[in-house]
Amino acid sequence: MKQTIIGYHRDEREDWVAELSCGHGSHVRHEPPFADRPWVVTVAGRQSMLGFSLECLKCESSAYEVDAFRWQPISPSDVAKIMSGFGAPWWIAGGWAIDLFLGKHTRIHYDTDILVLRRDQNLLYEHLHDWQLHKAHSGTLTRIESGDFLEEIGDVWCRSGDDKPWAFQVMLMNTQSDNWVYKRCPEIRGPISEIGFQTADGIPYLKPAIQLLYKAKSETIEKDRHDFEHASAHLNSAERLWLMDGLRQQFGEGHEWIDYLEEIGDKSP
């Protein structure tokens with residue numbers, strides 16, 4: 001839902017937040033190449049945007065309690081700083097993984113996802129001992145206590161304190177031996193060593209074909225369609241074939257992306 005910008009303030013990290021007419025706030029960072037908003041850094045620029053509208057995700061969703069809407073997602077570079085020294089593999093996931101692959105910011109990101117192997121979750125909890133962690137399941141958020149090991153739940157929300165907004169979420173991935181396993185269709189799997197790429201400055205992220213498989217739904221939502229349309233044209237032939245095969249295994253009655261990928265393949269030189 002679009003809401004009008006009525007003012008601005010800085011948060012505790014000195015980042016600019018647009019104050020919206022609905023009463024919520026939305027970060028408006030200038031972080032090229034992923035967030036290109038040069039108008040944020042000057043008084044005149046910010047004033048020029050008063051009255052313009054931004055999407056307010058907090059107004060759109062009704063799945064969680066109001067507290068769960070308080071998201072101020074941090075950037076992939078901030079995640080990399082937090083995860084520095086973590087003694088196990090991890091990757092940026094979600095829409096940010098697509099933008100890191102493309103090397104440009106293609107849309108607003110209302111959250112920041114990272115992927116960690118389920119078997120390494122206790123190492124993660126130890127590494128994030130200064131953070132407050134909640135498991136998200138069936139529309140509820142429950143604090144993770146010492147000694148917890150999540151066998152089925154795969155979504156952990158992270159914030160720096162009770163009164164702080166959610167900063168990022170961790171997705172836990174199943175494994176078998178040295179392979180990652182796709183939970184929705186366990187026949188789909190692959191070597192953990194080949195699951196991701198790295199940016200030039202060393203930020204690990206999930207390979208786009210794998211991320212797009214996770215984004216595929218029976219009824220595709222707009223942001224996932226956006227990510228698919230931007231990333232699919234940049235997949236090589238092997239990646240397209242792998243994604244098509246995964247979509248066919250997951251969706252026995254077919255999926256709209258399969259025909260699109262086949263068409264791209266037909267047009268390849």
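The values are calculated or read from the model by the stated rules, or taken from the named source; none is laboratory data. Note that the coordinates shown come from a computational prediction; the quantities given were computed from them, not determined experimentally. Methodologically, a virtual Cβ is constructed for each residue, glycine included, from the backbone with ideal geometry; neighbour enumeration extends over all protein chains shown.
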- Message: Suppose the filter is at pLDDT 95 or above, more than 30 Å from residue 262 (Cβ to Cβ) and crowded, with 17+ Cβ neighbours inside 10 Å; does residue 188 pass it?
- Response: no
- Query: Taking the stated definitions as given, is residue 259 farther than 30 Å from residue 17 by Cβ and surrounded by fewer than 16 Cβ atoms within 10 Å (Cβ to Cβ)?
  - Reply: yes
- Task: Kindly indicate the residue of the range 198-253 that is acidic (Asp, Glu) and part of a helix (DSSP H, G or I) and also modelled with the lowest pLDDT among those meeting that condition.
- Result: 222
- Taking the range 42-82 and keeping only residues that are of a type in the set (Lys, Arg) and either in a helix (DSSP H, G or I) or at pLDDT 85 or above (or both), one is left with 46, 58, 81
- Message: Could you list, ordered by first residue, the pairs with Cβ atoms under 7 Å in which the first is in the range 177-204 and closer than 24 Å to residue 80 by Cα and the second is part of a loop (DSSP other than H, G, I, E, B), at least 6 apart or interchain?
- Response: 180/195; 191/178; 192/89; 192/178; 195/207; 196/207; 197/207
- Item | Candidate set from the range 23-41 (those that are assigned to a loop (DSSP other than H, G, I, E, B) and either among the charged types (D, E, K, R) or modelled with pLDDT under 75 (or both)); member that is farthest from residue 7 (Cα to Cα) | 33
